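The values are calculated or read from the model by the stated rules, or taken from the named source; none is laboratory data. Predicted, not measured: the structure shown is a model, and the values here were computed from it. Glycine gets a Cβ as well: all are built from the backbone with ideal geometry, and neighbour counts include every protein chain shown. Just the protein is used for accessible areas: all its heavy atoms, side chains included, with ligands, DNA and RNA removed. Shrake-Rupley method; radii C 1.70, N 1.55, O 1.52, S 1.80 Å.
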Amino acid sequence: MAAFSATHCRSYSYSHSSSINGGQNQRFSFSSFSRLSVPAKAIRNSHQTVVLMQDGVVATKVTPVEKETPKEKLKDELLSVTSTKEWDEKAGFDSNENESTVSITVVGASGDLAKKKIFPALFALYYEDCLPKHFTIYGYARSKMTDAELRNMVSKTLTCRIDKRENCSEKMDQFLKRCFYHSGQYDSEENFAQLDKKLKRHEGGRVSNRLFYLSIPPNIFVEAVKCASSSASSGNGWTRVIVEKPFGRDSESSAVLTKSLKQYLTEDQIFRIDHYLGKELVENLSVLRFANLIFEPLWTRQYIRNVQIIFSEDFGTEGRGGYFDNYGIIRDIMQNHLLQILALFAMETPVSLDAEDIRNEKTKLLSVCQVKVLRSMRPLRLEDVVIGQYKSHSKGGVTYPSYTDDKTVPKDSLTPTFAAAALFIDNARWDGVPFLMKAGKALHNKGAEIRVQFRHVPGNLYNRNFGTDLDRATNELVIRVQPDEAIFLKINNKVPGLGMRLDRSNLNLHYAARYSKEIPDAYERLLLDAIEGERRLFIRSDELDAAWALFTPVLKELEEKKIIPESYPYGSRGPVGAHYLAARYNVRWGDLDIEQ
């Protein structure tokens, strides 16, 4: 078995599943920054005490033996060698056979996602010494391109860490030398077989681990996976595939996609990526809740009045309307990004931080949300959903287009660019608490946040100081996911002075002010997790099934009844119907507060 090389940028320990050609799961512990490379045959001689030093040197204590056979003498000689390199030479081993390499193939390398996100994320990992010692990056696409042309294309989008920019050019040159290109069709086993030959040359006889990132349209996922699996998968290491959303359009198409992928891959080899789960503040959700005693007791219906999960963009489809029109805002944002955040926020305490334990709790929660016969749950109803579509609007002498002004969008399109929904979780913790989601394009600002509004203080002694608007006195926890990441708690406080005047103040953790280190991009975290086999932030097939089961009925009803979206001006706060929906459950959208 090949030695495992730990990465430099993480020092915590965790276990993960790694599928090696569909084989058994393995558990690795990341507890050292050093790279250990010790042959598996090292610890066998009962006469030896073998100590693995941090720098890879093997120290031995030899117990004298009265009579040594030639075989025993050879063992002693091997075990007394001071380094793994000398050890391999003495034993006649090929040192490459005891090392591993990672080959990362970006399928769809000429697309925007690859250029803007994937290659820059890989460079950032290389810059931070997070990638393995031996790695190769291959771009694969139908476009004709040379290695030099790929490197030129990639170099235009690479960025450097703010706190380490002094050796950026040197690092960039080193990184680009590891990048290569192979042109081929996505449904050609022959082209993938040619890629396999190139990968093997770079792997140089080492244990080959291969990661394929499918940055391609979903209608060619299966063909690409079929060809990669049959013609370019690893023969002696693991093979993993990252699949980008959308994972289907509804429960049926999602199930078909999952079934098709599993003809060629095991579940452990499929990494369904939702980049929102890689964002710093989303990952911090479990830390905020489970590592702080003051929050967990409050995380119930007794104290929380409502939870709001809000996503907004201040721009429209702008040229990608053809893709968007086939999915809409509910499929594009709510069914995945926002629902995953809800599941992480509201799940019960997992048994451990192990990926499967966390995903089990999320799946349980999602099941509660959507299976009426099992949990006596109110399913998502059409009356609890508001949809909208932005229209043309002029402001400051500038005219902004409507959604249907996009040349790639049909003039009679009913695809929503805005949606708001009220969801309920009928379990002991959350019974009666409305979870309100809102997502839209062409709104007044850009951002994503979670707002937790607490209940009013019963018998509040200071009610007269707040007047009739008790919502002004509501404590609120705000987790701003993006931009300008922050966590702040709104509290009521006395204004200094002789009178009794109350003020609403923020206890504020502003990440940019508190931490000097730049926050990694979500793709960096998720790519590193995929390389290391950590699945906690990736979506399991049963999670996906539960998520689609919640939204599919209302999506079909919207389409079958041809519900017309409510118009709202480009750059506004969205359709009026969203305010009526919130008011029905005695909720005021927190992002519309005058203070904001």
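Observations on the structure shown:
- At least 1 residues being at pLDDT 80 or above and open to solvent by 10 Å² or more (accessible area, probe 1.4 Å) is the threshold, and among the helices (runs of 4 or more DSSP H) wholly inside segment 306-382 those reaching it are 321-324, 339-346.
- Filtered residues of segment 101-120 (kept if open to solvent by 30 Å² or more (accessible area, probe 1.4 Å) and in contact with a strand residue (DSSP E or B) (Cβ under 6 Å, 6 or more places away or on another chain)): 110
- Enumerated helices (runs of 4 or more DSSP H) restricted to segment 488-561, each holding at least 1 residues that are out of contact with any strand residue (DSSP E or B) (no Cβ under 8 Å at 6 or more places or on another chain), surrounded by 13 or more Cβ atoms within 10 Å (Cβ to Cβ) and not assigned by the TED database to the domain that holds residue 121: 522-532, 541-560
- Residue list for segment 562-590, filter: in a helix (DSSP H, G or I) and open to solvent by less than 20 Å² (accessible area, probe 1.4 Å): 577, 578, 581, 582, 590
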